[in-house]
Amino acid sequence: MARVLLLLVLAASLAALVSSKGLPVLAPVTKDTATSLYTIPFHDGASLVLDVAGLLVWSTCEGGQSPAEIACSSPTCLLANAYPAPGCPAPTCGSDRHDKPCTAYPSNPVTGACAAGSLFHTRFAANTTDGNKPVSEVNVRVLAACAPSKLLASLPRGSTGVAGLAGSGLALPSQVASAQKVANKFLLCLPTGGPGVAIFGGGPLPWPQFTQSMDYTPLVAKGGSPAHYISARSIKVENTRVPISERALATGGVMLSTRLPYVLLYRDVYRPLVDAFTKALAAQPANGAPVARAVKPVAPFELCYDTKTLGNNPGGYWVPNVLLELDGGSDWALTGKNSMVDVKPGTACVAFVEMKGVDAGDGSAPAVILGGAQMEDFVLDFDMEKKRLGFLRLPHFTGCSSFNFARST
Ligand SMILES: *[C@@H]1O[C@H](CO)[C@@H](O)[C@H](O)[C@H]1NC(C)=O
């Protein structure tokens, strides 16, 4: 009898295991207005800042999490230190390497500061999803690096660390993939207002009526960086190709970043693009657009306008569209919603900034870094297994905040 009972219990827990396996994990994404950074809930009221180029999950370690016994020479420790952040000490195991515990170097994506920290086990409390709504709560076990609270400088209030979303093994998507037995991919839909959504592990795409016809471009790896890169062949302003050398675009590539709310451009790309944009904006009144009145620029931007003279349409301020023609043939279109930032009441600036302090020629600097504002209200499907990025701008009448987080539809 006892044996039958035991078998029944075993069978039931096996069934539970099978049914809890394979469902992707959902998190609401909130934009912090003070910093323009995006956060997701982590557990017990704490949240983590999303860093699409981040290698690790890190958090301050208050709350008695269990330290992970990971040796300095272990593959996990190598993964944690696969891409030393600029300015962080180069990790070393010393000569008696087998005895030393692993030290990771979490870094702050905004300030660039880093600190040494040990690895510990913690949990990501979230809901599984069928792609449309939450299904049931899960605690996903994750390995995170411990950071001192001073590393939280410049991050949103209430956040206790960073969730890295890079393609590497200790970034959050890959950890969710192994814990939940789901694909190593994630969907990101960054909001402009109320919560947007992140889904780790694939599954049916939300907004199927639109996402069925998503465009794809290859995700490319770039030596020395864990960030996600894509390739652009050309940049157009309206229908005119901006005279930028294809080589300059190809060697640097286009990096995706949630660290900054604007586009950073390598100088060989910046100048021709800004000139083309200004020229196209000046020509717009012929199409019935108002005459944009330039105002004193607000750093770090060079071109700022009086918002009363810009005009609005469903795509944001009425300014020329900027199109990145990507590998694979489709265009990533930036309308006024994604190419202008409001810097203060009455003033909006063109969200393009020249990359400073980078060396010419060697191709190590990205040609273009797209920031948070350029990805907002886009459904982005980062697929590290198929090495491709799906992208789709949601129509103007909806947006990333239209995801339904209520459990019953
Ligand atoms: C899971 O979803 C339900 C229903 O929307 C919500 O009330 C709950 O807070 C969610 N849990 C977590 C951990 O996000």
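Listed here are the strands (runs of 3 or more DSSP E) enclosed by the stretch 342-400 that have at least 1 residues being more than 27 Å from Gly224 (Cα to Cα): 347-350, 378-383, 388-393. Note on the stretch 352-366: residues that are crowded, with 22+ Cβ neighbours inside 10 Å and either over 21 Å from Pro320 (Cβ atoms) or modelled with pLDDT under 95 (or both) total 1. The single condition from (1) buried (at least 19 other Cβ atoms within 10 Å of the Cβ); (2) within 16 Å of the ligand (Cβ to nearest atom); (3) part of a loop (DSSP other than H, G, I, E, B) that Leu55 fails is (2). Using the structure shown, decide if Pro86 is under 22 Å from the mean Cα position of the chain (by Cα), more than 16 Å from the ligand (Cβ to nearest atom) and either assigned to a loop (DSSP other than H, G, I, E, B) or at pLDDT 95 or above (or both). Yes; evaluated as a whole, the condition is true for this residue. Residues of the stretch 223-235 that are touching a residue at least 60 places away in the same chain (Cβ under 8 Å) and surrounded by fewer than 18 Cβ atoms within 10 Å (Cβ to Cβ): Gly224, Ser225, Arg233, Ser234. Among the residues of the stretch 312-320, some residue qualifies, meaning at least one is surrounded by fewer than 15 Cβ atoms within 10 Å (Cβ to Cβ) and assigned to a loop (DSSP other than H, G, I, E, B).
When Leu205, Leu188 are checked against the criterion of being in contact (Cβ under 8 Å) with a residue 40 or more places away in the chain, aliphatic (A, V, I, L, M) and farther than 25 Å from Arg259 by Cβ, Leu205 stands alone in meeting it.
Please tell me if Cys72 is crowded, with 17+ Cβ neighbours inside 10 Å, farther than 25 Å from Ser257 by Cα and free of Cβ contacts under 8 Å to residues at least 40 places away in the same chain. Yes, satisfied. Looking at the stretch 100-139, which of its residues are away from the ligand (no atom under 16 Å from the Cβ) and on the phi > 0 side of the Ramachandran plot? Within the stretch 100-139, just Gly112 meets the criteria. Scanning the stretch 197-236 for residues that are more than 28 Å from Asn127 (Cα to Cα), touching a Leu at 6+ places or on another chain (Cβ under 7 Å) and among the β-branched types (Val, Ile, Thr) gives Thr217, Ile230, Ile235. For the stretch 369-409, which residues satisfy the criterion of being within 16 Å of the ligand (Cβ to nearest atom) and among the β-branched types (Val, Ile, Thr)? Within the stretch 369-409, Thr409 is the sole residue that qualifies. So, of the residues in the stretch 208-226 that are in a loop (DSSP other than H, G, I, E, B) and in contact with a Ser or Thr (Cβ under 9 Å, 6 or more places away or on another chain), which turns out to be nearest to Gly54 (Cα to Cα)? Taking the candidates together, the pick is Gly224.
Let's see how each residue does on (1) of a type outside the set (Ser, Thr, Tyr); (2) farther than 25 Å from Leu324 by Cβ:
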position	(1), (2)
Lys185	yes, no
Thr192	no, no
Gly196	yes, no
Gly201	yes, yes
Pro206	yes, no
Leu219	yes, no
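The values are calculated or read from the model by the stated rules, or taken from the named source; none is laboratory data. Note that the structure is predicted; figures quoted are calculated from it, not measured. So basically every Cβ, Gly included, is an ideal-geometry build from the backbone, and we count neighbours across all protein chains shown.
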